[in-house]
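The values are calculated or read from the model by the stated rules, or taken from the named source; none is laboratory data. None of the values given here were measured: they were computed from a predicted structure. Note that each Cβ is placed from the backbone with ideal geometry, even for glycine, and that neighbours are counted across all protein chains shown. Surface areas here come from the heavy atoms of the whole protein model, side chains and all, with no ligands, DNA or RNA. Shrake-Rupley method; radii C 1.70, N 1.55, O 1.52, S 1.80 Å.
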Amino acid sequence: MVALESTLARQSKNKKSIFCFALSSLIRTFAGRKGKTKPLRTEKTMKKTLITLAAILVSAIMYAQTGTVTTNTDTLDATKGTVRVKIQTQLGDIVVRLYDATPIHRDNFVKLVREGYYNGTLFHRVIKDFMIQGGDPNSKGAPADMLLGNGSPDYTLEAEFRDGLYHKRGALAAARVGDDKNPERRSSGSQFYIVWGRTFSPRQMEYLADKMLREHPETGGLTAAQQKIYGTVGGTPHLDGQYTVFGEVEEGLDVVGQIQSLPTGKADRPVEDITVTMSIIE
């Protein structure tokens, strides 16, 4: 919990700095800085400068309000991360990389892995062409007829929605309670899922983009980057902006494929238990 509190404190401290930088940049552009700022030489240069500064100011305002900065993924790769976790199963190993852009989820996941929290748990919910879900502490040694999916620590995590982090095939994301009981879309303290999904044709993508815009206007539909990913790699685009994506599979995607294809019984639980053991790759 100390690591989580430190992350939030750093985010709060940075909000004021980013906003002040953007505002002061705009002021210097128009008023100069005690006569030392050189005048803009051309109308074209002025327009370009004002557009850039306006973008910075808008991003700063959004960050001050929500804690989320809208970024251009061409200049900042949101999928970068140095922490890797090995998920061992009887069908093979899966290695996931945790994103630095989602520090709350990353640090919490690392904490639980180091504590051995996930060892002995199951991939308790599996849906073909959709995803595999795990992380329920109640699944340890659970009898075959036991309903799973409600177990978790006594806390939830603040949502960390980031541009450039999508529900592509192999994405690691946090499960959560539905919007009716969880309007802030806070994540479960431990339950997660790995995306499988499917690929979409251009026509299907157009229909999906229109549907998402109507049902979830806050998402803005599908960006060109999303359309490229879901048309080639595949995934579950309708979950973007609804659940926090905080990592991705680096190795063992074939193992995920095997698990999502397993026969299932009641409540989508695999007929054969798939037991998990996790460790940090140092």
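Enumerate by residue number the trypsin sites (Lys or Arg not before Pro) in the range 88-162 meeting two conditions: DSSP loop (anything except H, G, I, E, B), and at most 10 other Cβ atoms within 10 Å of the site's Cβ.
Details: sites: Arg97, Arg106, Lys111, Arg114, Arg125, Lys128, Lys140, Arg162; in loops: Lys128, Lys140, Arg162.
Sparse-neighbourhood loop trypsin sites (Lys or Arg not before Pro): none present.
So, in nm, how far is label Lys111 from label Lys140 when the simple model puts each one 7 Å beyond its Cα toward the Cβ?
Here the answer is 1.8 nm between the modelled labels.
May I ask you to give the solvent-accessible area per residue for the range 83-193, in square angstrom, as obtained with a 1.4 angstrom probe? If you can, show how the numbers build up before the last one.
Values: 4480 Å² over 111 residues.
Spelled out: the 1.4 Å probe surface of the range 83-193, per residue, equals 40 Å².
Which of the aspartates and glutamates could be linked to Lys128 by a straight reach, that is with a Cα gap under 17 Å, when you skip same-chain ones fewer than 8 residues away?
Asp254, Asp268, Glu272, Asp273
Which shape class, rounded, prolate or oblate, goes with the range 173-235 when its Cα gyration tensor gives a ≥ b ≥ c as root eigenvalues, a/c under 1.5 marks rounded, and past that a/b bigger than b/c marks prolate?
Numbers: a/c = 2.90, a/b = 1.50, b/c = 1.93.
It comes out oblate by the Cα gyration axes.
Mind listing the phi-derived Karplus ³J(HN,Hα) values for the range 268-279, rounded to whole Hz, using 6.51, -1.76 and 1.60 with θ = phi - 60°, and x for any glycine or proline?
Result, rounded to whole Hz: 6, 7, x, 4, 9, 4, 10, 8, 10, 9, 10, 8.
For an R0 of 35 angstrom, estimate the FRET efficiency from the Cβ-Cβ distance between Leu213 and Lys80 and round to the nearest 0.05. Write down the numbers at each step before the final one.
Values: r = 29 Å, r/R0 = 0.84.
Computed FRET efficiency for Leu213 and Lys80 comes out at 0.75.
Arg198 to Ser279: FRET efficiency via 1/(1 + (r/R0)^6), r the Cβ-Cβ distance, R0 30 Å, to the nearest 0.05? Numbers along the way, then the final one.
Details: r = 31 Å, r/R0 = 1.03.
Step by step, r from the Cβ atoms, then E = 0.45.
Report, by chain and number, residues whose modeled amide H sits under 5 Å from the one on Gly81, excluding near sequence neighbours (fewer than 5 apart, same chain).
So Gly81 has HN proximity to Asp100.
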